[in-house]
Amino acid sequence: MSKLYQRLAFLILLVAIISGTVIYFTVDIHTLSSLNFFKPWALLLVLICLAVGMFFDGSRLMHLVRISGESINFMQAVQVVFGNYFLALLTPGAAGGAFAQVMFLRHAGVPIGKATVLVIVRTLLSIFFLVLCMPVVFMAESDHLPWVSPEMLLSISAGMFILAGVTLWLIRTNLLIVFLRPLLKNASHSIRRKVFALYKDVRGGVILLSSAPLSMIRVFGESALSLLALYSMVPVLFLGLGVPVDLGHVMGRMIFLNFLLYFAPTPGGSGIAEGTFVLLFASDLPSGTVGILAVAWRAFAEYLPFIVGMYFTIRTFGQDFLAHHIK
């Protein structure tokens, strides 16, 4: 069996085990009666949220490519987006997602150097939006963090912004290399090579971010709309169950959850995503439904795009190519 099919089989087994476990430990005698109130129109609205999120994700990529001096059409951008979901779920830490994006951009005619920078910028924009939102989320959740005062939250938030700003300035001016060299002095040659290659790509991304400020503001706005549309699937599922929705509360926790998932070591954050969802929303939902909604959210937000991405990837590159490149 090729590595590709081994990874697919492992992923399917992992998802089945995690989903089954989450549902098994969260259902109770009230589950079926609660689900009887679910409104089918919510599923259609969830699909609309997914479509809107993917539209703005593809649109921002098109505009990013244009800023770099290249050009792709919307269909090519959509293939990049879905291809990212496919290989990200097949690899620990979503490492394959970046490779998939570079592959599709290269196939669309974007030079590999620019493609690598564009992928980094796309990720940086998403993380930057979440970082900007985190202070608001923490302040809104201050009642649930009694051991942290509002003043401390403001200090932490200010520190995050200052650190981010200083880091970006150091990268853009290339001064960060002064600190990297002594830190990596005793590291092996391969580690130094990988770190400096990553630094070079990140610096290229930062320079691209600052090369067209007005256009980048538009791209950042599309990033925000894309993420908010995707996160909106959860409050829609809440409404489907007839649960009153505090939109700020639910969206804030989804922002926090998705920020954590950027650092999850498992493929696509599997297990961590469902478990954290249960912890965050168990008290907001009818008894016995939080596990089912966690699995439903993952099915729409990750597994459906994964299937579409698998179709685009295999149709574009073929099974032999993937089998050769997936290690």
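Bear in mind that the values in this text are calculations on the coordinates, not laboratory data. These figures come from a predicted structure and were not determined experimentally. No Cβ is skipped: glycine too gets one built from the backbone with ideal geometry, and neighbour counts run over all protein chains shown.
Given a 10 angstrom Cα cut-off, can you work out which residue in G271, G58, G83 is the most mobile in a GNM of the chain?
G271
Within a Cβ distance under 15 Å of T173, other residues only, what is the Lys/Arg minus Asp/Glu net charge? Don't skip to the end; give the middle numbers.
On the way: positive: R172, K200, R203; negative: none.
That sum, taken over residues with Cβ under 15 Å, equals +3.
With springs only between Cα atoms under 10 Å, which of F128, F277, F37 fluctuates most in a Gaussian network model of the chain?
Looking only at F128, F277, F37, the biggest GNM fluctuation is shown by F37.
Averaging the inverse of every distinct alpha carbon separation and then flipping it gives the Kirkwood radius. What is it for the stretch 75-118, in angstrom units? Mind dumping the intermediate values first?
On the way: mean 1/r = 0.0993 Å⁻¹.
Computed over Cα pairs of the stretch 75-118, the Kirkwood hydrodynamic radius comes out at 10.1 Å.
Report the one residue of V250, V22, A158 whose Cα lies farthest in the direction of the positive end of the charge dipole of the chain (charges on C-beta: Lys and Arg +1, Asp and Glu -1; origin at the Cα centre).
Of the options given, the answer is A158.
In debye, nearest 20: dipole of the chain around its Cα centre with unit charges on the Cβ of K, R (+) and D, E (-)?
Details: 21 positive and 13 negative charges, 320 e Å.
Roughly 1540 debye for the chain.
Which parts of the stretch 189-231 would a label at W169 reach, counting a residue when its backbone N lies under 13 Å from a point 7 Å out along Cα-to-Cβ?
none
Counting Lys +1, Arg +1, Asp -1, Glu -1, what net charge surrounds V80 among other residues with beta carbon under 12 Å of its beta carbon? All intermediate terms of the calculation are to be shown ahead of the outcome.
Numbers: positive: R60, R106, R122; negative: D57.
Cβ neighbours under 12 Å give a net charge of +2.
So what is the relative contact order for the stretch 3-325, in percent, with contacts set as C-alpha pairs under 8 Å and at least six apart? Walk me through the numbers before you get to the answer.
On the way: 348 pairs, mean separation 118.1, N = 323.
This gives 37 percent for the stretch 3-325.
At 7 Å along the Cα-to-beta-carbon direction for both S210 and A9, put a label point, then send me their distance in nm to one decimal.
Distance between label points: 5.1 nm.
Fewest Cβ neighbours within 10 Å first, please rank V121, V308, V166, V295 accordingly. Each step should come with its number before you reach the end.
Details: V121 25, V308 17, V166 11, V295 20.
Least to most surrounded, the residues fall as V166, V308, V295, V121.
Specify the inter-centroid distance of the stretch 175-193 and the stretch 294-315, based on alpha-carbon positions, in whole Å.
A separation of 38 Å, based on Cα centres.
Within 10 Å of each residue's Cβ, count the other Cβ atoms and sort K194, K185 from fewest upward. Working shown, then result.
Values: K194 12, K185 8.
Lowest to highest Cβ neighbour count: K185, K194.
Once you sort the root eigenvalues of the Cα gyration tensor of the stretch 1-126 as a ≥ b ≥ c, which label holds: rounded (a/c under 1.5), prolate (a/b larger than b/c) or oblate (the other case)? List each step's numbers first, then the result.
On the way: a/c = 3.16, a/b = 1.66, b/c = 1.90.
Because a/c hits 1.5 or more and a/b fails to exceed b/c, the stretch 1-126 counts as oblate.
Quick query: amide H of T91 versus all other amide H atoms, modeled in the peptide plane; which residues come in under 5 Å with a sequence gap of 5 or more or a different chain?
G96, G268
Taking a temperature of 25 °C and a viscosity of 0.890 mPa s, what whole-number D in µm²/s does Stokes-Einstein yield for the stretch 3-325 with Rh from Kirkwood over alpha carbon pairs? Let's see the in-between values first.
On the way: Rh = 21.3 Å.
Reported coefficient: 115 µm²/s.
For the pair A187/F25, report the inter-label distance in nm, with labels modelled 7 Å from Cα in the Cβ direction.
Those two pseudo-labels are separated by 3.6 nm.
Could you tell me how far the Cα centroid of the stretch 223-287 sits from the Cα centroid of the stretch 31-51, in Å?
Cα centroid of the stretch 31-51 versus Cα centroid of the stretch 223-287: 15 Å apart.
Going by C-beta contacts inside 10 Å, put V80, V245 in order with the fewest on the left. Show your work: numbers first, answer last.
On the way: V80 29, V245 16.
The order, fewest Cβ neighbours first, is V245, V80.
Could you tell me which residue out of V234, S215, A264 lies farthest along the dipole of the stretch 3-325 toward its positive end? Charges go on the beta carbon: Lys and Arg +1, Asp and Glu -1, centred on the Cα centre.
S215
Based on the Cβ-Cβ distance of I217 and A140, what FRET efficiency does E = 1/(1 + (r/R0)^6) give at R0 = 22 Å, to the nearest 0.05? Each step should come with its number before you reach the end.
Details: r = 25 Å, r/R0 = 1.15.
Taking R0 as 22 Å, the efficiency between I217 and A140 is 0.30.
Apply the a/c threshold of 1.5 to the C-alpha gyration tensor of the stretch 175-299 and tell me whether it is rounded, prolate or oblate. Let's see the in-between values first.
Working: a/c = 3.74, a/b = 1.85, b/c = 2.02.
Here the stretch 175-299 falls in the oblate category.
Under a 10 Å cutoff between Cα atoms, tell me which one of I292, I217, I171 has the largest fluctuation in the Gaussian network model of the chain.
Among I292, I217, I171, the largest mean-square fluctuation in the Gaussian network model of the chain belongs to I217.
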